[in-house]
Amino acid sequence: MPPLFDLTGKTALITGSTRGLGFAYATGLAQAGASVILNGTSEQHMHHALAQLKAQGFNARGFLFNVANEDEIERVFAQLDEENIHVDIVINNAGIQFRKPMLELALSDWQRVIDVNLTSAFLVARAAARRMVARNSGGKIINIGSLTSEAARATVAPYTAAKGGIKLLTKSMAAEWAVHNIQSNGIGPGYILTDMNSALVENQEFNQWVCNSTPSGRWGKPDELIGTAVYLASSASNYVNGQMIYVDGGWLATL
Ligand code: GCO
């Protein structure tokens, strides 16, 4: 591991990491030497994810909590304080999708998607950054955006609003926390083969649209996000702040 990218001795909290992209980020950071703290809401998925990481000899533990619930987040950080565990890296990855035309969209569904995809990033990063500032350690915040951080697609308005918000929340974090040696950046995955997108992959027409719109001509694989996550979590990115890096096979580069 080149020293610039080495995460040995660092602790990373990755939200929504028992499956999908979150699990890929956790695995990638662990491969780079970090101890990882997983988060999810299903005991069964947590059990499975931790077993997989531990079987590879990685240092991993997990907390079941709702990333949109301030009290639950504060409880987890208080427990980490008690155990003298410092979170050096946060990946705000937890996300949900809810597809419905806006004319039929209920406020409660709008709110739920905004809470889980956007407000959670503020709450979790704030809890971690307060501690990074107090112990003067610096740190890394990585917020997960989307192609919808840049452009809209019909039927996913709350997700799009949240992911657009993620982009400027990331810049706000950079504006306020850079002076504390905290780097806040974002990753915008393109269309990636995950459970969340299974309905889209199975839809022939949508699948064709993705392959035709992506210069690479195919969906991305979760592992293809790892390099960018390790880079943004490591000292290789110590003067990079407030940026979104799109890992999208070239989608946003083209018309
Ligand atoms: C959708 C998808 C999105 C995309 C992704 C693209 O409905 O458009 O579910 O989640 O996969 O965010 O960057």
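Read-outs: derived from the displayed coordinates by stated rules, not from any lab. Nothing here was measured: the structure is a model prediction, and the numbers come from that model. Note: ideal-geometry Cβ built from the backbone for every residue, glycine included; neighbour counts use all protein chains shown.
Suppose every K and R has +1 on its Cβ and every D and E has -1 on its Cβ; what is the size of the dipole of the stretch 3-246 about the Cα centre, in Debye to the nearest 20?
380
What number comes out for the charge environment of residue 195, summing +1 per Lys or Arg and -1 per Asp or Glu over other residues with Cβ under 14 Å away?
Overall, the nearby charge balance is +1.
Before anything else, pin down the relative contact order of the stretch 136-200: Cα pairs under 8 Å, at least 6 apart, normalised by residue count, whole percent.
This gives 44 percent for the stretch 136-200.
Express the relative contact order of the stretch 1-134 as a whole percentage, based on alpha carbon pairs under 8 Å and six or more residues apart in sequence.
This gives 25 percent for the stretch 1-134.
Please sort 241-249, 71-79 by packing, taking for each peptide the average over its residues of neighbouring beta carbons within 10 angstrom, highest first.
Top of the packing list down: 241-249, 71-79.
HN-Hα J couplings of the stretch 50-57 from phi, Karplus 6.51/-1.76/1.60, θ = phi - 60°, integer Hz, Gly and Pro as x?
Each residue's phi maps through the Karplus curve to give 5, 4, 5, 5, 5, 4, 8, x Hz.
Just report the Cα centroid separation between the stretch 94-142 and the stretch 1-75, whole Å.
17
For residue 180, what charge total do you get from the other residues with a beta carbon under 15 Å from its beta carbon, if Lys and Arg give +1 and Asp and Glu give -1?
+3
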